[in-house]
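Each reported figure results from applying straightforward, stated rules to the coordinates on display, with no laboratory input. This is a predicted model, so every value here is computed, not measured. Here the Cβ positions follow ideal geometry from the backbone for every residue, glycine too, while neighbour counts run over all protein chains shown.
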Amino acid sequence: FPVDKIRNFSIIAHIDHGKSTLADRLLEMTGAIAKTDKNKQVLDKLQVERERGITVKAQTASLFYSHHGQQYLLNLIDTPGIQAQTVANFYLAFEAQLAIIPVINKIDLRNADPERVESQIEKVFDIPREECIRISAKLGTNVETVLKAVVDRIPPPLACPNDPFKALVFDSSFDHYRGVVTNVALFGGQVKKGDRIVSAHHSKTYEVNELGLLRPDEHPTQRLYAGQVGYIIAGMKDVKEAQIGDTLHLQDQPVEALPGFKPAKAMVFAGMYPMDQSEYPGLRSAIERLTLNDSSVTVQRDSSLALGAGWRLGFLGLLHMEVFNQRLEQEHNASVIVTAPTVPYKAILSSAKLIKEHGSEEITIVNPAQFPDRGVVSEYLEPVVLGTILTPDSYTGKIMSLCLSRRAVQKNMVYIDDQRVMMKYLFPLNEIVVDFYDQLKSLSSGYASFDYENAGYQTAELIKMDILLNGNPVEELATVVHRNRAYSTGKSMCERLKDTIPRQMFEIAYGGDITRKMKLLKKQAEGKKKMRLIGRSSLASKNSLSDLPAE
Ligand code: GTP
């Protein structure tokens with residue numbers, strides 16, 4: 001395929017707006033998949049994805065499409081839906097000067113109002129309404145227009161067939177039989193089986209064993225060419241060797257590395273412990289297997305007096321964490337205790353001695369147990385995010401009170417049509433990690449949407465709050481809170497503890513299916529010593545798994 005007949009595109013949309021359905025229709029229409037089982041979502045594969053109807057792992061597919069009497073190769077990158085960041089992603093795409101095709105889905109619904117949505121798009125994103133395409137991904141209405149627009153409105157990729165081979169690694173996964181499978185986009189030249197390729201990141205050399213297109217299943221080919229998107233298997237044993245954002249080139253033809261990606265930073269941390277220490281090795285291998293295919297999860301060993309040896313894991317966001325937990329349980333049958341989520345705080349050290357010991361004046365705190373004493377700190381910092389809320393105007397009053405109660409500062413508020421309002425707030429991240437989204441949804445009868453992007457750090461009056469049980473501080477219950485929130489947080493934790501502790505023998509607030517619950521109950525019966533652990537598990541679950549279906 002000549003580069004001018006190639007188009008790369010992805011679908012950005014809020015959770016549940018029909019990305020996967022649209023992707024399936026596009027695959028069907030271009031013959032990549034059969035038009036059978038209408039509701040089967042090909043790009044969504046994991047059990048948790050099917051159950052929760054959300055996309056966890058990005059899947060890529062190359063489509064062949066004829067338009068203007070010409071064959072085109074369209075590379076669809078199905079973006080993961082685990083962060084509701086449509087607005088933030090729109091601005092990223094806009095800043096990168098990417099072509100944007102506004103598509104309004106679900107026009108078959110009786111209460112669909114595409115006129116109104118077009119006005120909103122005009123107002124919020126400054127895109128002329130004439131550019132909008134109204135579709136029903138479910139019924140297939142107008143989906144062909146989307147394919148045509150991809151060809152007509154998106155420029156071909158900037159790729160040079162005559163340059164040396166140069167590819168960007170944008171995803172990777174692990175296959176037990178074949179090792180690491182890297183997904184790559186070729187910016188220059190070509191590559192074939194048997195070529196010796198080098199990772200610009202760590203300078204290791206590999207021989208290409210297999211390569212091909214993703215349609216969306218792997219489809220081996222002889223070569224990959226500039227402009228194409230596909231996969232390469234080259235004897236890498238560990239996904240850490242295939243860093244997302246790395247550049248691959250030929251052994252004897254070094255190239256300047258591509259700018260790559262800003263690595264996604266973990267923003268929510270939680271401790272994970274086996275229910276019983278005898279399950280430690282099993283849980284360790286389950287966590288290892290899962291992180292093999294999700295390099296955005298950070299893992300650190302950790303231990304606590306009551307819970308024993310475990311880990312502190314970092315996730316991109318709360319939903320990411322919940323999905324990870326659910327996969328651990330479902331796919332690896334692991335029973336875990338999850339502690340309440342925390343965010344990465346920072347402290348600026350004031351003591352010269354500590355700065356020297358530490359090698360820098362700034363430390364990041366991901367575990368309340370490491371919270372440094374006031375005496376050695378000149379300033380504490382907390383991560384903040386810029387949140388965008390879209391809501392019918394009848395709920396603005398309630399939403400403003402909710403935001404105020406979360407220490408949020410309003411940045412902007414505009415009407416995007418005669419009934420809908422867009423509000424922007426700067427939130428301390430820790431104020432939204434627990435149940436903000438649930439509360440927003442419930443006080444707006446489900447109508448308000450929420451989207452956030454990271455916005456750096458701000459000074460905060462942080463303190464470590466200990467909880468004493470029978471007069472002894474319990475390390476696992478310690479949290480870092482804002483001084484103004486200490487009293488209310490402490491009070492509500494004590495109230496929950498009061499409710500939780502005596503009932504341990506009978507009830508566990510834990511998401512998951514009934515067989516898991518029975519298993520947990522059986523385990524509890526195995527020994528009273530576990531009561532203590534379960535007490536914490538229950539608390540932690542209420543916090544961290546708030547989105548899971550209640551039993
Ligand atoms: P994430 O993977 O979580 O980001 O969601 P998604 O955007 O991929 O949404 P998905 O395709 O899973 O669709 C969400 C729901 O909307 C499903 O129940 C679909 O059947 C439904 N849906 C998608 N497109 C249409 C449409 O055009 N009309 C109607 N009525 N329903 C649709």
_Using a Förster distance of 56 Å, the FRET efficiency for GLN222-VAL414 (Cβ separation, nearest 0.05)_ = 0.55
_Quick check: from the Cα gyration tensor, does the stretch 169-261 come out rounded (a/c under 1.5), prolate or oblate?_
rounded
*Non-local amide H neighbours of GLN228 (under 5 Å, H modeled in plane, Pro and chain starts lacking H): which ones?*
LEU186
*Taking amide hydrogens as modeled 1.01 Å from N in the peptide plane, which residues meet the under 5 Å criterion relative to ILE135, leaving out close sequence neighbours?*
ILE104, ASN105, LYS106, ILE107
*May I ask you to evaluate 6.51 cos²θ - 1.76 cosθ + 1.60, the Karplus curve with θ = phi - 60°, for each residue of the stretch 439-456 and list the ³J(HN,Hα) values in order in whole Hz, giving x for glycine and proline?*
5, 4, 5, 6, 7, 10, 6, x, 7, 7, 10, 9, 8, 9, 9, 5, 9, x
_Segments 358-371, 323-336 sorted - mean Cβ within 10 Å per residue, highest first_ = 323-336, 358-371
*Between CYS494 and SER119, how many nm apart are label points set 7 Å from Cα along the C-beta direction?*
5.3
_Gain in span if fully extended, ASN111 to VAL376, counting 0.36 nm per residue against the direct Cα distance_ = 89.5 nm
*Work out how much length PHE1 to LEU98 would gain on full extension: take 0.36 nm times their residue separation and subtract the Cα-Cα distance, in nm to one decimal.*
32.7 nm
*Dipole magnitude of the stretch 248-325, debye to nearest 20 (Cβ charges: Lys/Arg +1, Asp/Glu -1, about Cα centre)*: 180
*Three-way shape call for the stretch 220-367 based on the alpha-carbon gyration tensor, with the a/c threshold at 1.5*: oblate
*Over 22 Å between Cα atoms, which of LYS204/LYS237; LYS346/LYS398; LYS166/LYS192 qualify?*
LYS346/LYS398
*Shape call for the stretch 118-272 from the C-alpha gyration tensor, a ≥ b ≥ c root eigenvalues: rounded (a/c under 1.5), prolate (a/b greater than b/c) or oblate?*
prolate
_Could you check the spin-label model distance between ASP238 and LYS441? Points 7 Å from the Cα along Cα→Cβ, value in nm._
3.9
